[in-house]
Amino acid sequence: MSKTGGKKPPLIAERRYAKAASKAKPKAAPKQVRTAKPRRAARKASWPVRLVTGLVRLIWRAIWGVGWRLGAMGAIIVGLFTLYYYAQLPPLETLIDARTKGSVTMLDREGRVYAWRGETFGGQIASDTVSPYLKNAIIATEDKRFYRHIGISPRGIASAIRINLSEGRGPLEGNGGSTITQQVAKLICLGVPYDPKVWKSEADYEADCRVSSKWRKLKEVPFSFAMEAKYGKANILTLYLNRAYLGAGARGFEAAAQRYFGKSANEVNPAQAAMLAGLLKAPSRYAPTADLQKAQDRASVVLGLMHDQDYLTDLQYKEAIDSPARLSQAAEAKAGGYFADWVMDSGPAYLTQDTTEDVIVKTTLDQDIQKSAEDALAYVFDTKVKEGSVAQAAIVVMSADGAVRAMVGGRKTQVSGAFNRATQALRQVGSTFKPFVYAAALDLGYTMNSYVDDAPITLYVKGSGEWTPKNYTPEFRGMITLTDALTHSINTATVRVSQAVGLEAVRQVAGDFGLKSDLAQGPAIVLGSSGATLLEMTGAYAGILNGGSSVRPYGLIELRIQGDDEALMGQEGGIGERVISENAARQLTYMMTQVIERGTGRRALLDRHQAAGKTGTTSDYRDAWFIGFTADYVVGVWMGNDDNTPLTGVTGGGLPADIWHEVMVRIEADLPSTPLPMIRPEELPPPVYQEQTYDSGPIAQGQPMPQQPAPQRRRQNDPILELLNAILGNRN
């Protein structure tokens, strides 16, 4: 134990470095080290939250894992289909013009284009030679990213979906966001060629190609990629320029430029280019031949797009807006729709309606005369026919050799494919038949100065009983000349003349002049009970003007394949064999001048030109006619109702004569006054009365006079024709 009594000494801590403390240099105060605050224990999310989060992460991993695999698989499939289509795509040249049928381009007598039939292909054009305005207009309108995509445009598709949804449509309804490449893919039907065994017609084939389905839209993607890879941008645009349909039967921009503007697509200006590009949206709706103002409005939109995308300067844009595109003279006139249809029907089908080649047809049409006829018809109906009338009319203008210069088949003149009342309507001809009765008499030796009795007459018709023709007026004139009988259209006198010469002679004269559609057999034939078309009647009157020879009305002068210099066929018609003597024809011409100067056709009288003609009205007023001629042209006019109901207050000497007069005033305006070739009464021997008894009553004849009417009329041919027929062994 220690001395302290067992207590422990106090515990004192030793100072570190105590001995050196006095000698050590003062040190800087140690830096304070921040100590991290103790973290709070992380609060665990509730189990529902952790469950949802886990599921989302799991789904995302699954989607990502499956998505990139599906994407890769889809890319492989698209690539394989692209390679397949690439291998199947034909050479570019075979796709430029894949029409199975050709077209017909019609030229008038001056060689100017006035009508087209079928789908016209104007000839191949290329994207590197076409007007730059046209190329830029197409790109600005249809696919402004054309040079920056590889066949499809995701931005374009997204924009189309947005527009469709904003307008209340489905995402894939309406705007499709198709690129030019996709449109070309549709134009060539995704490489499926036309097969007549599968489709009834080419129209059905193209309609099927235009059907948009989800499956077809999917096929467009690899097909477009393949086209881009095989053809390139320039060739795809070339296909588009040549294959797009642009209204009015124009296939391709070259055909459209020629049809609407009369020039090549290589030469169009900005305004014309904009109008052509605007047709792509809706060809039939915006076709300038259908509605020029609507086409110009659409072109203004296209010009705006071109300006916004720097394809047009400010000055070019202003000039194009201030001077919008207009149709060429031929396209604006829309001349000869009925005439063109008639020519198509009259030519061989394999070179017209069913042609597989592009055909050029030169015709007899005169566009100025055609317009005059259309204007005359419109003028009379606007000024002299009550509003709301459904009456129809037709006009034929013809030269003496049968060349048809104009044809109006109805009041709606600017049409094609419509019912043609000039060539298809078989109507009773009324008193316009009477000149052929007098032609037969004159050819047999009667003269215009011969006398015939205008008195009551009754004939017995086998199988029908008694027939008593009546005149338009109740009074009778007694003995009158043949000239007066025709001038005043006396029925009883005409029947007596026909009985004197024989109905068979009358029928033969009419038939030889071209009236063969529906010649009646009984005596009523001489009063116009037969049916004929206006074209036939006008052609028959042309035979009187030319001196008594028949004509075959024709419109086709020459037909050739486009690009060929040699014609495949020439004129189809013209002057034929002589029907009556020239002496008879010249007398008849004088008699018909009196119809206009002092008879039933006085409303057709012309101031400066001699004219001859004949009125015609059927007994029930269902048909009204006026047919006549000057030294230059023969014009036939018909009026009636399509349903064959009677006209109200219309006779051949009324509105038809007015229409005839208006036509003649217009087409003769710049022509010199040429006298008609005719024989006047004073140039003939004076008439000598000699009574001969027939079943119909007496008729007086001038000299020379046959003792009996010829039982059968002898055809009188020209000596030259007789000689040719004898040489050829074809003597009748």
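Relative to its residue count, the range 274-409 spans a Cα convex hull of 185 Å³ per residue. In this structure, the residue pairs whose Cα-Cα separation is over 23 Å, taken from Lys101/Lys144; Lys135/Lys186; Lys135/Lys233; Lys263/Lys294, are Lys101/Lys144.
From the alpha carbon centroid of the range 620-659 to that of the range 223-257 is 51 Å. Using only the Cα atoms of the range 212-305, each taken as one equal point scatterer with no solvent, compute I(q) by the Debye sum, divide by I(0), and report log10 of the ratio at q = 0.21 Å⁻¹. Debye intensities relative to I(0), on a log10 scale: -1.00.
Give the Kirkwood hydrodynamic radius (Å, one decimal) of the range 594-672, defined as one over the mean of 1/r across all pairs of different Cα atoms. Roughly 12.6 Å, rounded to one decimal. Take every Cα-Cα pair in the range 382-527 and report what % of them are more than 21 Å apart. Roughly 56 percent, once rounded to a whole number. Two numbers describe the Cα atoms of the range 353-451: Rg and Dmax, which are 18.6, 61 Å.
Given the peptides 671-679, 105-113, arrange them by the average over their residues of other C-beta atoms within 10 Å, most packed first.
105-113, 671-679
Phi-derived couplings, Karplus 6.51 cos²θ - 1.76 cosθ + 1.60 at θ = phi - 60°, listed residue by residue for the range 531-537: x, 7, 8, 4, 4, 4, 5 Hz, with x used for Gly and Pro.
Per-residue packing, averaged as other Cβ atoms within 10 Å, sorts the ranges 485-493, 193-201 into the order 485-493, 193-201, beginning with the highest. Convex hull volume per residue, computed on the Cα atoms of the range 512-593, equals 133 Å³.
Diagonalising the gyration tensor over the Cα atoms of the range 261-330 and scaling each eigenvalue by 5 before taking the square root yields semi-axes of 19, 14, 11 Å, largest first.
Annotation: average projected area of the range 356-399 is 5.3 square nanometres, based on the convex hull of Cα atoms across all directions. Per the Kirkwood formula applied to alpha carbons, the range 222-272 shows a radius of gyration over Rh ratio, Rg over Rh, of 1.10.
Once the Cβ-Cβ distance of Arg608 and Lys197 is raised to the sixth power relative to R0 = 60 Å, the FRET efficiency obtained is 0.40. Distant-in-sequence amide contacts of Ala250, defined by a placed amide H-H separation under 5 Å and a gap of 5 or more residues or a different chain, comprise Thr120. What would the Debye formula give as log10 I(q)/I(0) at q = 0.25, 0.31 Å⁻¹ for the alpha-carbon point model of the range 110-157, no solvent? Rounded to two decimals, the profile gives -0.99, -1.12.
Packing-wise, with mean Cβ within 10 Å as the measure, how do 364-372, 576-584, 209-217, 430-438 rank, highest first? Numbers along the way, then the final one.
On the way: 364-372: 22.3, 576-584: 20.8, 209-217: 11.7, 430-438: 27.9.
Highest to lowest by the protection proxy: 430-438, 364-372, 576-584, 209-217.
Put simply, the amide H of Thr618, placed in the peptide plane, has neighbours under 5 Å in Asp623, leaving out anything fewer than 5 places away on its chain.
Read the figures in this text as sums done on the coordinates, not as results from a lab. Note that the structure is predicted; figures quoted are calculated from it, not measured. When we count neighbours, we look across all protein chains shown, and the Cβ atoms used for this are built from the backbone with ideal geometry, even at glycine.
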